Amino acid sequence: MQSDAIAAIVDQWQRERPDLDTTPMLVVGRLFRLTHALDQRLRPPFAAADLGSGDFDLLAALRRAGEPYALSAGDLSRTVLVTTGAITKRVDRLEARGLVARTVAEADSRGRLITLTAEGVALTDELIAVHLDNQRRLLAGLGADDQAHLADLLERLALTLPAGDD
């Protein structure tokens, strides 16, 4: 009896290619499937707020930066792990909605900062609470000890990956 689709795939490969060790699929395949399933369950509140994929990530990065809730496009790019071109497109959308503003950097008048507006702060604060509630709900099938253990294992796995693969 298979516990999930990934176990069935591993069993099929073991039957067809018993010379191969297919056990890594049990971890990596499940991580991929879980990532997709979690994303599908976490994105609806953002879509309901008319935020595109990645828009909330940008808003949250600014909010986490603390007052004055401002970062350069380069800093945002490094924080949310997308290109500065992608940041520019997101900022354009969010600026049109009044959630962020472009401002001149005090230290360098040639530099530009992306700053959360008061409306952006309020929306981000509202959505982060909903987002964390959703995350708690999705993890409710695991006890606190299991969640902590899984978090530790995932951190250890992340630390074993070569630089640049995140």
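The values are calculated or read from the model by the stated rules, or taken from the named source; none is laboratory data. Please read these numbers as outputs of a predicted model, since none were measured by experiment. When we count neighbours, we look across all protein chains shown, and the Cβ atoms used for this are built from the backbone with ideal geometry, even at glycine. Surface areas here come from the heavy atoms of the whole protein model, side chains and all, with no ligands, DNA or RNA. Shrake-Rupley method; radii C 1.70, N 1.55, O 1.52, S 1.80 Å.
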For the stretch 147-166, which residues satisfy the criterion of being exposed (fewer than 11 other Cβ atoms within 10 Å of the Cβ) and either touching a Leu at 6+ places or on another chain (Cβ under 9 Å) or assigned to a helix (DSSP H, G or I) (or both)?
Asp152, Glu155, Arg156, Ala158, Leu159, Thr160, Asp166
Any chance Gly29 is within 29 Å of Ser77 (Cα to Cα) and within 14 Å of the chain's Cα centre (by Cα)
no
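Given the structure, is Leu139 under 26 Å from Leu38 (Cβ atoms) and not aromatic (Phe, Trp, Tyr)?
Working: under 26 Å from Leu38 (Cβ atoms): yes; not aromatic (Phe, Trp, Tyr): yes.
Taking the combined requirement at face value, the residue satisfies it.
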Going through Gly74, Gly111 one at a time, which residue ends up being more than 24 Å from Arg43 (Cα to Cα) and in contact (Cβ under 8 Å) with a residue 12 or more places away in the chain?
Gly111
Against the condition modelled with pLDDT under 95, within 30 Å of Ala151 (Cβ to Cβ) and among the small types (Gly, Ala, Ser), how does Gly111 come out, does it pass?
no
Just checking, how many residues over the stretch 66-104 are at pLDDT below 95 and at positive phi?
1
Which pairs turn up if I take residues in the stretch 119-146 that are part of a helix (DSSP H, G or I) and look for partners that are open to solvent by 40 Å² or more (accessible area, probe 1.4 Å) with beta carbon separation below 7 Å, at least 6 apart in sequence or on another chain?
Val121/Arg63; Thr124/Arg63; Asn134/Arg41; Leu138/Leu38; Leu138/Arg41
